[in-house]
1. Check the range 111-131 and report whether any residue there is open to solvent by 20 Å² or more (accessible area, probe 1.4 Å), assigned to a helix (DSSP H, G or I) and under 25 Å from N12 (Cβ atoms).
2. What about Y93, is it among the aromatic types (F, W, Y), under 30 Å from E134 (Cβ atoms) and in contact with a Lys or Arg (Cβ under 8 Å, 6 or more places away or on another chain)?
3. If I ask for residues that are surrounded by 17 or more Cβ atoms within 10 Å (Cβ to Cβ) and closer than 18 Å to N57 by Cβ, which ones from the range 72-85 would you list?
4. For the range 101-110, enumerate the residues that are open to solvent by less than 40 Å² (accessible area, probe 1.4 Å) and not polar (S, T, N, Q).
Amino acid sequence: MLDIEKAYKLYNEYRKTNNRELLSKIEELLKGDSSVQGLNLLGLVYIEEGKYVEAINAFDSALKKVRDDEDKATILFNKALALFRKGDLDSAYEILKSIPPKTSVYPHSRRFLAQVCIRKGDLKHLEEARQILESFDMPNEDLAV
């Protein structure tokens with residue numbers, strides 16, 4: 001099994017168990033991996049560890065190499081997540097607005113954009129969040145806010 005496959009398997013196990021020891025094992029497996037998938041996963045691990053600057057750098061490196069629109073949208077979403085957790089709401093907002101509608105990540109990015117707008121808290125962004133959330137078929141608990 002390739003290291004990247006092992007790393008993804010460990011990351012999925014981490015998501016189920018929250019065993020933080022797995023994060024360092026994943027980092028070790030990804031050491032020296034400069035593939036788009038490796039950098040993306042490394043960024044996700046850094047987010048889990050609270051290393052937001054390192055996560056953003058990993059996603060930026062992946063974005064320089066990515067060729068596929070779907071992969072690019074995923075990496076942009078993950079970068080927005082790192083920025084959000086870091087507290088950079090303006091940058092997270094701009095990135096989420098840039099995700100193309102014809103990608104599978106788009107619906108998730110819209111919900112996340114609504115959360116960012118709510119967190120920003122001003123009337124303009126709260127109205128934008130309301131419009132986004134009302135556009136979904138399924139009601140969303142964020143809409144109550």
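1. yes
2. Working: among the aromatic types (F, W, Y): yes; under 30 Å from E134 (Cβ atoms): yes; in contact with a Lys or Arg (Cβ under 8 Å, 6 or more places away or on another chain): yes.
Against the criterion (among the aromatic types (F, W, Y), under 30 Å from E134 (Cβ atoms) and in contact with a Lys or Arg (Cβ under 8 Å, 6 or more places away or on another chain)), Y93 qualifies.
3. Looking only at the range 72-85, we keep the residues that are surrounded by 17 or more Cβ atoms within 10 Å (Cβ to Cβ), and these are 72-84.
Once the filter is applied, which keeps residues that are surrounded by 17 or more Cβ atoms within 10 Å (Cβ to Cβ) and closer than 18 Å to N57 by Cβ, the range 72-85 yields K72, T74, I75, L76, F77, N78, K79, A80, L81, A82, L83, F84.
4. Kept after step one, since they are open to solvent by less than 40 Å² (accessible area, probe 1.4 Å), are these residues of the range 101-110: 103, 105, 109.
Result: V105, single match.
The values are calculated or read from the model by the stated rules, or taken from the named source; none is laboratory data. Small disclaimer: the values here were computed from a predicted structure and weren't measured. Glycine also receives a Cβ, built like all others from the backbone with ideal geometry; neighbour counts cover every protein chain displayed. These accessible areas exclude ligands, DNA and RNA; they are computed on the full protein's heavy atoms, side chains included. Shrake-Rupley method; radii C 1.70, N 1.55, O 1.52, S 1.80 Å.
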